[in-house]
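Only the coordinates and a few stated rules stand behind these numbers; no lab work does. From a predicted model like this one, the values you see are computed outputs, not experimental measurements. With ideal geometry, Cβ positions are generated from the backbone for all residues, glycine too; neighbour counts draw on all protein chains shown.
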Amino acid sequence: MRAERGAAVERGAEHGAPGPAPDHETRGAAPGSGGAAAAPWRGDAPATPTVLHVDIDAFFAAIEQQRDPRLRGRPVIVGAGVIASCSYEARARGLKAGMPLSEARRLCPEAVVIAGHAQVYRCFAEAIFERCRAVSPAVETYLDEAYCDLTGTERLHGGPLAAARRLKAEVLEATGLTVTCGVGPNRMLARLIGKTAKPDGLARIEAHEAEAFLTAQPVERLPGIGHAHARTLRSMNVRTVGELRALGPEVLAALFGAPGRLIHERAFGRDTAAVQAREVPLSISRETSFHRDTADRAELEGMLEYLAGRACRTARELGLRPRTVAVRLRYTDGERAAQARSLKVPSDADPVVIGLARDLLGRLFTRRVALHHLGLALSGFVPAAAEQGALFDEAEAGRRAALYRAFDGVRRAYGHGVLVSGRALHLRGRLEEDTHGFVLRTPSLTK
């Protein structure tokens, strides 16, 4: 297990100095030394699975500091209502993503708060992802991170650490941003080892090191362990991955169903998920925190319908129909609840998605406590062209598609808020509006 911190390699690349020689990861080579001479390539030898995880450091906040030099070295918050991202200067004061702005201002009154520029952030991210695609034939991207499959690329790019160092230098030169890289035998381990090297670091873990590395990690670090799972495990005095392993697959399956066995596999560092270069998003989500926490059923249903309309419009623009609808909420006291259900037939129609979403909200919102946050996500997409209905439904489907095309065209021209459902009209006058519609207070900036 090797880690590099500081910017010795990256700074040299930034200033045009030659980087370290490509290394082929001879065991025991010192980090940054370039390793020993490369072993001869053997075309008949199976390539060792190698994944590079690239995480943009303090994304959103770092971009604002890059765009405005006056913000460098100062605590910066991006978000409205809650923190979407904050600089490392702000994190040193105890701030973190998801924290209400009121609490953040109390902890760090000198912090600079910026509402955010979602389109700018997407442009920066794409510039970074383009450089990832130059080192890997398969790159799986998310909002602020990417997985790159480096398996079998040694002849092109040298060893994985050499490829990662070069990528870090190119990103810094092109965008002024730093990224942290983790290298491992699978996606999960690459991501987890990278977290130990943040910010602006580089670390690698080998397959034989995984079990020892994971033993002391908090259970929340494992993919598949959410808030509810962690709460259940804490009630059993299970807090580390090592303690979780001791439960065994049968106990975990009894606690969490089929995913329990997968969690047990991950606790040993085993992850078979492949890196997939995907054009179709895994999910489309729209969410917001409320300007004032509310238990008003009309306001909640109005906001849910508005979020559903925004998500459905995005799905239609991508030519996708979702099969699964999920609603998640967070109460004022921090307790969370979430539930998902699948449609019998995938649909991008607002009324269909809204109907299921309202039913989910009714099942979830059962406490007499105000809500602080509400979100909706669509997933399980199929191409819109793949929907096959009965012949007598085709005319109706065509009319519906034409209607939504007209709606979406008007919204693109005049803002989404110009056409909203009856319940969402309840929000008018309560929320600020701009050219995009109602101004949401969302940590993901997905307006």
Work out from phi, with θ = phi - 60° and the Karplus expression 6.51 cos²θ - 1.76 cosθ + 1.60, the ³J(HN,Hα) of each residue of region 81-95, listed in order in whole Hz, and give x for Gly and Pro. x, 9, 6, 8, 7, 9, 6, 5, 5, 6, 5, 5, 9, x, 7
The ³J(HN,Hα) series, computed from each phi in region 63-74 with the Karplus coefficients 6.51, -1.76 and 1.60 at θ = phi - 60°, rounded to the nearest Hz and given as x for glycine or proline, is 5, 4, 5, 5, 6, 10, x, 5, 8, 5, x, 10
For region 51-133, give me the percentage of DSSP beta bridges that are antiparallel, rounded to the nearest 5 percent. 60 percent
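About the Cα centre of region 249-390, how large is the charge dipole given +1 on each Lys and Arg Cβ and -1 on each Asp and Glu Cβ? Please answer in debye to the nearest 20. It would help to have the intermediate numbers written out before the result.
Numbers: 21 positive and 17 negative charges, 31 e Å.
Charge dipole, region 249-390, about its Cα centre: 140 debye, nearest 20.
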Taking amide H positions as placed in the peptide plane 1.01 Å from N, state which residues far from V82 in sequence (5 or more) or on other chains have amide H under 5 Å from it. L101
Region 324-366 and region 61-78 have their Cα centres apart by a whole-number Å value of 36 Å
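Please tell me the relative contact order of region 210-302 in percent, rounded to the nearest whole number, where contacts are Cα pairs under 8 Å and at least six residues apart.
Details: 68 pairs, mean separation 24.5, N = 93.
The value is 26 percent.
When ranked by the protection proxy of mean other Cβ atoms within 10 Å per residue, highest first, what sequence do the peptides 327-337, 247-257, 193-203, 60-70 form?
For the peptides 327-337, 247-257, 193-203, 60-70, the packing ranking is 193-203, 60-70, 327-337, 247-257.
Name the shape class, rounded, prolate or oblate, that the alpha-carbon gyration tensor gives for region 61-115, where a ≥ b ≥ c are the square roots of its eigenvalues, rounded holds for a/c under 1.5, and otherwise prolate holds if a/b is larger than b/c and oblate otherwise. If you can, show how the numbers build up before the last one.
On the way: a/c = 1.87, a/b = 1.47, b/c = 1.27.
Prolate, because a/c is 1.5 or more and a/b exceeds b/c.
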Between region 178-216 and region 227-281, how far is it from one alpha carbon centroid to the other, in angstrom? 18 Å
Under the rule a/c < 1.5 gives rounded, and otherwise a/b versus b/c splits prolate from oblate, where does region 211-267 land using the Cα gyration tensor? rounded
Rounded to whole Hz and in sequence order, give me ³J(HN,Hα) for region 250-264 from the Karplus expression 6.51 cos²θ - 1.76 cosθ + 1.60, θ = phi - 60°, writing x for Gly and Pro. 5, 5, 5, 5, 5, 6, 10, x, 3, x, x, 5, 5, 4, 4
